[in-house]
Each structure stands twice: as structure tokens, then as C-alpha cells.
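Below you'll find the structure, written out as C-alpha cells, and then a few comments.
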């Protein structure tokens with residue numbers, strides 16, 4: 001059975017430093033990801049972008065990369081048909097709420113002084129989730145949310161970002177998304193596969209973070225680029241899956257290798 005669709009994370013996976021498709025890890029120029037993308041399109045395989053980015057950002061990115069669709073806000077929005085068609089996946093969000101209450105967000109940030117903040121300016125314009133950055137204990141945050149009556153929310157780790165964002169941490173901060181339960185990259189991939197009428201065995205996913213690993217449950221094969229191994233807890237999470245390949249190369253080079261494995265000889 002051939003691969004019909006590739007679900008791919010963007011930042012830290014398909015695109016390199018500062019979101020550049022033509023930068024390898026470390027900043028050197030590369031055209032290898034572009035070659036692999038050209039081969040993917042020539043093979044007739046659909047590309048779906050899966051990201052924490054917003055709807056407008058992904059509509060534009062899909063046009064640039066020739067993607068057949070996109071999944072945004074860590075699984076809260078699924079779009080296709082050049083963005084003309086889409087659906088919101090609200091999961092356990094109570095019907096009376098449009099978004100996470102701002103007063104809860106204030107309490108959460110105040111609880112982690114200097115270690116958690118809005119991921120400005122990328123936090124703006126979001127329809128369902130909240131985007132933050134810092135360095136926190138995700139399990140501790142989830143336990144606190146349940147304790148105060150917001151057990152329908154959870155914090156998701158979506159990967160590492162440049163230390164320049166929060167230099168006082170003395171290391172790389174993480175990007176986090178506060179989302180309702182039932183919302184995630186894996187859930188959105190499952191929805192999109194059913195909508196397309198594609199068997200999970202005909203799909204692969206590519207990523208670099210713990211949130212990306214959720215896609216492994218809903219595709220035939222999951223690929224992680226090598227930089228994923230720098231994330232805390234990834235090694236332990238990998239023991240829960242038997243369909244994950246870790247590529248030898250990081251970022252774009254690893255992404256190109258994963259794409260070519262799907263294309264085949």
C-alpha cells in the first residue's frame with residue numbers, strides 16, 4: 001500500500017532556524033528540503049502542514065509549499081481547499097466559552113514568575129488555544145488545572161525555541177499550548193484522514209516534539225527528525241510506540257530523508 005498523504009510539523013522539522021526553509025541547523029544554506037518537496041509533489045503525494053501556527057499563517061504557508069491542507073493551533077483547526085473550507089475541533093471546551101478564560105491565564109503566568117509568558121507576538125489572533133513560552137513542569141500544571149476545576153484543559157509541549165526569547169532561563173525555552181482535552185495533532189490527523197477517506201496505513205507523519213508524537217497513533221509510520229531527541233522525556237515517550245523512526249539528520253535534512261522514505265524507490 002503506497003503513501004497518499006504526509007502530515008508534517010513546520011518549525012523545527014520542515015523549516016530550519018527562524019522558520020527558513022533554506023537554512024539547515026546551524027544556519028548554513030541548503031536546498032535539500034526543497035528538492036524533497038519537489039519529489040513529493042512529482043510523486044502525487046498530498047502534503048498537510050500540522051502546526052501550532054494560526055489559520056492565516058497556515059493558509060499562506062500552504063500556498064507557498066503547495067500543501068493540500070493544514071492543521072493549526074496544535075489540532076484545533078483543520079483546513080482544506082486553499083483555506084476556503086475548515087472546521088474547528090473544540091474538544092472538551094465548554095459550549096459557553098469561546099476561548100480559555102483570561103483570568104485563568106493570568107493566574108497561570110503569575111504561578112510561574114519569570115518561567116512562563118505569552119509567546120509574543122505569535123500568541124495573537126488565535127481562535128482556540130493559548131500559546132506560551134518558558135520552562136515549566138507540564139505534569140504539575142495539568143495537576144493544578146484539575147485541582148482548580150479546569151481539568152478539561154491541558155498544557156502541551158510543542159518543542160524548543162531560541163534562547164534569545166528568554167535569556168534569563170540560561171537555556172532553551174519551550175513553546176507550550178494550553179488546549180482543551182480532545183484537541184491535539186493526533187486527533188486532528190484522525191479527523192482529516194476520515195474526511196479524506198484515506199486509510200491510516202497510507203499516511204506518515206513527521207515531527208520534532210512530544211506533541212507531534214500524538215500523530216503516531218493515527219498513521220502507519222511516524223518520523224522524528226534527529227533534533228527531537230534533545231527534548232526532555234522524548235526517549236521515554238518513544239517506548240510507547242512501535243511505528244516511530246528517528247532520522248539520522250536534524251531539521252530539513254531529516255525531513256527530506258523521511259519524505260523520500262515515503263516516496264520509495
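Could you tell me whether residue 52 is assigned to a loop (DSSP other than H, G, I, E, B) and on the phi > 0 side of the Ramachandran plot?
no
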Exercise. On the given criteria, is residue 116 within 30 Å of residue 139 (Cβ to Cβ), surrounded by 16 or more Cβ atoms within 10 Å (Cβ to Cβ), at pLDDT 95 or above and touching a strand residue (DSSP E or B) at 6+ places or on another chain (Cβ under 7 Å)?
Worked result: yes
Quiz item: Looking at this structure, is residue 149 at pLDDT 95 or above, at positive phi and not in a helix (DSSP H, G or I)?
Solution: yes
Within the stretch 129-146, the residues that are within 15 Å of residue 169 (Cα to Cα), in a loop (DSSP other than H, G, I, E, B) and in contact with a strand residue (DSSP E or B) (Cβ under 8 Å, 6 or more places away or on another chain) are 135, 136
Across (1) in contact with a strand residue (DSSP E or B) (Cβ under 8 Å, 6 or more places away or on another chain); (2) in contact (Cβ under 8 Å) with a residue 60 or more places away in the chain; (3) crowded, with 16+ Cβ neighbours inside 10 Å, residue 126 clears everything bar (1)
Going through (1) outside the structural domain of residue 18 (by TED's automatic domain parsing); (2) part of a loop (DSSP other than H, G, I, E, B) one by one, residue 198 fails only at (1)
Among residues of the stretch 23-49 being free of Cβ contacts under 8 Å to residues at least 40 places away in the same chain and in a loop (DSSP other than H, G, I, E, B), the residue surrounded by the most Cβ atoms within 10 Å (Cβ to Cβ) is 31
Original post:
Looking at the stretch 161-182, is at least one residue on the phi > 0 side of the Ramachandran plot and assigned to a strand (DSSP E or B)?
Top reply: no
_Hey, residue 219 at pLDDT 95 or above, crowded, with 20+ Cβ neighbours inside 10 Å and either touching a strand residue (DSSP E or B) at 6+ places or on another chain (Cβ under 6 Å) or in the same structural domain as residue 259 (by TED's automatic domain parsing) (or both) or not_ = yes
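The values are calculated or read from the model by the stated rules, or taken from the named source; none is laboratory data. Remember, it's a predicted structure, so these values are computed and weren't measured experimentally. In this analysis, Cβ positions are derived from the backbone assuming ideal geometry, glycine residues included, and neighbour counts consider all displayed protein chains.
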